[in-house]
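The values are calculated or read from the model by the stated rules, or taken from the named source; none is laboratory data. Just so it is clear, the model here is predicted, and its values are computed rather than measured. Here the Cβ is made from the backbone with ideal geometry for all residues, glycine too, and neighbour counts use every protein chain on show. Ligands, DNA and RNA are stripped out before the accessible areas are found, and what is left, the full protein with its side chains, is counted by its heavy atoms. Shrake-Rupley method; radii C 1.70, N 1.55, O 1.52, S 1.80 Å.
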Amino acid sequence: MIAFWLLEISTVVFIVYSFEYFLSGRVFPLDLMPAYLRQLTEWLPFTYEIYFPVAIFLERVRGVELARGLAIQTMWVLIAFGAARLLWARGLRRYQAVGG
């Protein structure tokens, strides 16, 4: 929805995908990161795309850690939903169709 405000968004998409590839556990396991970076990635949404579901499947996350991870994942879903609704509403007000 950033395309409502920017003419060319491919660079922004590339940057977001770069963060996603590295911070979701797709390129390498997040367990290999230093502890401070690992704690930071736990609060970012990228971890919950690949790493966390795989950790649940492998039964590496249980009990309190599982509940905490699901709560953080739910928080990101709600934030994304709210941001999408807000950006869509504001973007539609700004939208102008040109051409024939």
Original post:
Of all the stretches in the chain, which is the longest one without any exposed loop site, taking GluC sites (Glu not before Pro) in a DSSP loop (any state but H, G, I, E, B) with at most 12 other Cβ atoms within 10 Å?
Top reply: 9-58
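With an 8 Å cut-off on Cα pairs and a minimum separation of 6 or more residues, tell me the relative contact order of the chain in percent.
33 percent
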Original post:
Distance in nm between label sites at residue 4 and residue 27, each 7 Å beyond Cα in the beta-carbon direction?
Top reply: 3.2 nm
Original post:
At q = 0.12, 0.17, 0.18, 0.25 Å⁻¹, what base-10 log of I(q)/I(0) does the Debye formula yield for the chain when every alpha carbon is treated as an equal point scatterer in vacuo?
Top reply: -0.53, -0.87, -0.94, -1.34
Original post:
Cα axis of helix 10-23 to longest principal axis of the chain: angle in degrees, 0 to 90, nearest 10?
Top reply: 10 degrees
**OP:** Step through the residues of the range 57-71 one at a time and calculate ³J(HN,Hα) from phi using the Karplus curve (6.51 cos²θ - 1.76 cosθ + 1.60, θ = phi - 60°), rounding each to whole Hz and writing x for Gly and Pro.
**Re:** 4, 7, 6, 8, 10, 9, x, 5, 5, 5, 5, 5, x, 5, 5
**OP:** Any chance you could run the full-extension gain for residue 62 through residue 79? It's 0.36 nm times the residue separation minus the Cα-Cα distance, nm to one decimal.
**Re:** 3.6 nm
**OP:** Quickly work out the residue 19-to-residue 37 label distance, labels modelled 7 Å from Cα along the C-beta direction, and quote it in nm with one decimal.
**Re:** 1.6 nm
Original post:
Tell me, what % of the accessible area of the chain is carbon and sulfur with a 1.4 angstrom probe?
Top reply: 69 percent
**OP:** Using a 1.4 angstrom probe, figure out how much accessible area the range 10-65 has per residue, in square angstrom, rounded to the nearest whole.
**Re:** 71 Å²
